[in-house]
Amino acid sequence: MPYSWTDMILYFFIYSFCGWLMETVLCSFQEKHFVNRGFLNGPICPIYGCGILLILTFLLPVRNDISRLEIALPVIFFAGAMLASAVEYFTSWLMEKLFHARWWDYSQYKHNLNGRICLPISLAWGGLATAFVYLIQPQFEKLVHTLYGWNAHLPLIVAVALCAVLAADCVLSFRIAKTLGNKLEHLDKLGELIKAHVETVDLAP
């Protein structure tokens with residue numbers, strides 16, 4: 001692991017917030033009103049945090065060990081695309097199994113896999129992974145080091161506080177999503193019953 005547990009937790013929240021901010025801005029612009037993206041109520045998309053932590057764990061050694069950019073960049077690009085896509089696919093599958101609903105669907109894109117991932121988004125993940133490793137992460141390292149400069153225990157305090165808030169948000173969001181999923185499932189069943197009844201009426205003499 002390239003960083004301490006405290007630092008990894010902080011990076012998880014930093015990137016989860018950045019992911020939420022990016023998606024919220026894009027979706028709000030498209031819908032012309034504020035759209036709170038993500039599963040949780042707070043300003044965080046954990047899928048971004050998880051994806052970037054995997055990228056940092058597996059690809060920072062590549063950056064540090066391979067000095068030749070013409071070799072390191074393609075490796076980081078394609079490995080980042082595969083890692084992020086794996087996280088995205090598994091998260092989509094898990095949330096659909098738990099809540100009977102999808103938070104994103106790429107079925108309208110070419111070269112998609114069950115609507116959970118698609119080639120254009122995966123390639124975008126590869127580009128973002130490369131940017132994270134070489135451009136963005138060094139800046140966030142400076143930010144975390146600044147916290148240590150203020151107080152040696154401050155990063156740990158911040159990490160614990162953020163984890164507590166996230167745990168509370170997860171419990172609340174899980175209950176809301178479970179209720180919504182059950183309602184959608186009931187609506188689907190009701191729609192099937194209505195459709196069957198209409199077909200019966202149409203067939204009646």
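Can you run down the residue pairs with Cβ atoms below 6 Å, 6 or more apart or on separate chains, where the first is in segment 160-181 and within 25 Å of W5 (Cα to Cα) and the partner is modelled with pLDDT of 90 or more? If the second residue must be modelled with pLDDT of 90 or more, the pairs left are L162/F13. Scan segment 87-100 for residues that are surrounded by 15 or more Cβ atoms within 10 Å (Cβ to Cβ) and either of a type outside the set (D, E, K, R) or closer than 12 Å to I55 by Cα (or both) and the total you get is 7.
A single member of I47, I71 is open to solvent by less than 60 Å² (accessible area, probe 1.4 Å) and assigned to a helix (DSSP H, G or I), and it is I47.
Pairing residues of segment 56-71 that are over 13 Å from A131 (Cα atoms) with residues that are modelled with pLDDT under 85 and surrounded by 11 or more Cβ atoms within 10 Å (Cβ to Cβ), at Cβ distances under 9 Å and at least 6 apart in sequence or on separate chains, gives T57/P2; P61/P2; N64/P2. Checking T57 against (1) open to solvent by less than 50 Å² (accessible area, probe 1.4 Å); (2) out of contact with any Gly (no Cβ under 9 Å at 6 or more places or on another chain); (3) more than 18 Å from Q139 (Cα to Cα); (4) among the β-branched types (V, I, T): exactly one of these is not met. Which one? The one condition T57 does not meet is (3). Would you call T146 part of a helix (DSSP H, G or I) and without any contact (Cβ under 8 Å) to a residue 40 or more places away in the chain? Answer is yes for this residue. Checking each residue in segment 120-166 for being closer than 19 Å to G51 by Cα, exposed (fewer than 11 other Cβ atoms within 10 Å of the Cβ) and of a type in the set (A, V, I, L, M) picks out only L135.
Cβ-Cβ contacts under 7 Å between residues 6 or more apart (or on different chains), taken from a first residue in segment 24-37 that is at pLDDT 80 or above to a second residue that is open to solvent by 100 Å² or more (accessible area, probe 1.4 Å), are listed as S28/F34. Is there a residue in segment 128-143 that is under 19 Å from Y3 (Cβ atoms), of a type in the set (F, W, Y) and more than 18 Å from the chain's Cα centre (by Cα)? Yes, that holds for at least one residue. For segment 94-120, the set of residues classified as modelled with pLDDT of 90 or more and under 14 Å from the mean Cα position of the chain (by Cα) consists of R116, I117, listed by residue number.
The values are calculated or read from the model by the stated rules, or taken from the named source; none is laboratory data. Because the structure is predicted, anything quoted here is derived from the model rather than measured. Backbone-built Cβ (ideal geometry, glycine too); neighbour counts: all protein chains shown. These accessible areas exclude ligands, DNA and RNA; they are computed on the full protein's heavy atoms, side chains included. Shrake-Rupley method; radii C 1.70, N 1.55, O 1.52, S 1.80 Å.
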